[in-house]
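Take a look at the structure below.
We did not get these values from a lab; they are worked out from the coordinates using the rules stated. In this text, all values refer to a predicted model and were calculated from it rather than measured experimentally. Virtual Cβ from ideal backbone geometry, glycine too; neighbours counted across all protein chains shown.
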Amino acid sequence: MALISVDRDRDLMTVEFQGLDKLWTLKSRLEIPLAHVRGATHDPGMAREPKGVRVGGTHVPGVITAGRFRRDGERLFWDVKNPDKAVVIELADAGTYDRLVVEVDDPRATVALVEQSIARG
Amino acid sequence: MVMDMGRPRAFDTDRAIGTAAALFATHGYEGTSVDDLVTATGIHRGSLYKVFGSKRSLHLTALRNHLDHEIRPTAAAIADLTDPEQALTTAIASYDNGPAAGLLLLAAAERAPHDPEVAALVAEGIAALEDALRPSHGDAAPRLASTVLGARLRLRAARPIPSQEY
């Protein structure tokens, strides 16, 4: 489970990993400039996609996907145990990752928060 | 191996937007899942995210497309009619129609209250209808636009007439 928040003063989206997820993902948090965030989508079906190659982290198929993965030349960061609560965050190509797939407590609220923060004029 | 890098997009973006618009118009925004979009467009999930960014962004693009390719041409045709009755009848028959018929009405009901960008696009579509009715109805155009929107809404609930009636 991850906690996603937006720091408007620093124009950052932060993803904080809760409890043992720090261990599974090998990260405690990610900070992404809002300018590099292209959108957020609640997508339970994403978990059925092939994960590609694990670069760092934990992968127990059907149980947990956490950490860095590489697939079709794209760099993905996963932290999902329950696919029903998976949110896909698409990033611009400047950063470390192309896409984050993280489980959050309230997908609807998280998607609204992220999408409002990057509202296209 | 870098054979997948820089691979040209193997799909038609406009066609994907049209397919998405029809899905959103049929099932609503919430009722259309990314699974539905992936299946109907035949586009890989990763490519869908790469091109459109998010489901909301794809919905906004589909609505924008519907305004430009359906609502505006229809409005232009209505604006050419000077007979009030004919303009009104044509508007009721053709506004927010086409391959994604009802997308504007659905977006107004479902998404506009929570999404300022959707609300702005809906307002643009309604303003186009008002402007289209002005040549035939003058100052009554805003009121007639409401009549058209109401009639389109009622048409959605109209039961088809059974073909076999004794």
Among B:ALA25, B:ALA40, B:HIS69, the residue whose Cα sits farthest towards the positive end of the charge dipole of region B:1-146, when +1 is placed on the Cβ of each Lys and Arg and -1 on the Cβ of each Asp and Glu, is B:ALA40
Diffusion coefficient in µm²/s returned for the protein assembly as shown by Stokes-Einstein, Kirkwood Rh over C-alpha pairs, 10 °C and 1.306 mPa s, is 76 µm²/s
Which of A:ARG99, A:ARG38, A:ARG71 fluctuates most in a GNM of chain A (C-alpha springs under 10 Å)? That residue is A:ARG71
Counting every C-alpha pair in chain B, the percent lying more than 27 Å apart is 35 percent
With only helices counted (DSSP H, runs n ≥ 4, each -39500 (n - 2.57)), the per-residue ellipticity at 222 nm for chain B, to the nearest 500, works out to -20500 deg cm²/dmol
Checking A:PRO83, A:PRO107, A:PRO50 against a Gaussian network model of chain A (alpha-carbon springs below 10 Å), the top fluctuating residue turns out to be A:PRO50
Violations at 20 Å Cα threshold for listed pairs A:LYS81/B:LYS50; A:LYS51/A:LYS81; A:LYS27/B:LYS50; A:LYS22/A:LYS85 -> A:LYS81/B:LYS50; A:LYS27/B:LYS50
The alpha-carbon center of region A:59-83 and that of region B:60-96 are separated, in whole Å, by 47 Å
Summing -39500 (n - 2.57) over every DSSP H run of at least 4 residues in chain A and dividing by its residue count gives a helix-only mean residue ellipticity at 222 nm, to the nearest 500 deg cm²/dmol, of -3500 deg cm²/dmol
Of the convex hull drawn through the C-alpha atoms of region A:2-117, the volume per residue in Å³ is 91 Å³
Karplus-derived 3J(HN,Hα) from phi for region B:137-150 (6.51 cos²θ - 1.76 cosθ + 1.60, θ = phi - 60°), whole Hz, x at Gly and Pro, runs 10, x, 5, 7, 3, x, 5, 5, 4, 5, 4, 4, 4, x
Which of A:VAL15, A:VAL60, A:VAL88 fluctuates most in a GNM of chain A (C-alpha springs under 10 Å)? That residue is A:VAL60
Cross-link reach from B:LYS55 to aspartates and glutamates, straight Cα distance under 13 Å and at least 8 residues apart if same chain, gives A:ASP43, A:GLU90, A:GLU115, B:GLU30, B:ASP35, B:ASP36
For the pair B:ASP14 and A:ARG48, the simple spin-label estimate (label points 7 Å beyond Cα toward Cβ) gives in nm 3.2 nm
With the 8 Å Cα cutoff and a minimum separation of six or more residues, chain B has a relative contact order in percent of 24 percent
For chain A the mean separation of alpha carbon contacts under 8 Å (6+ apart) over residue count, i.e. relative contact order in percent, is 26 percent
Note: B:ALA76 to B:ALA140 extended length (0.36 nm per residue) minus current alpha-carbon separation gives 21.2 nm
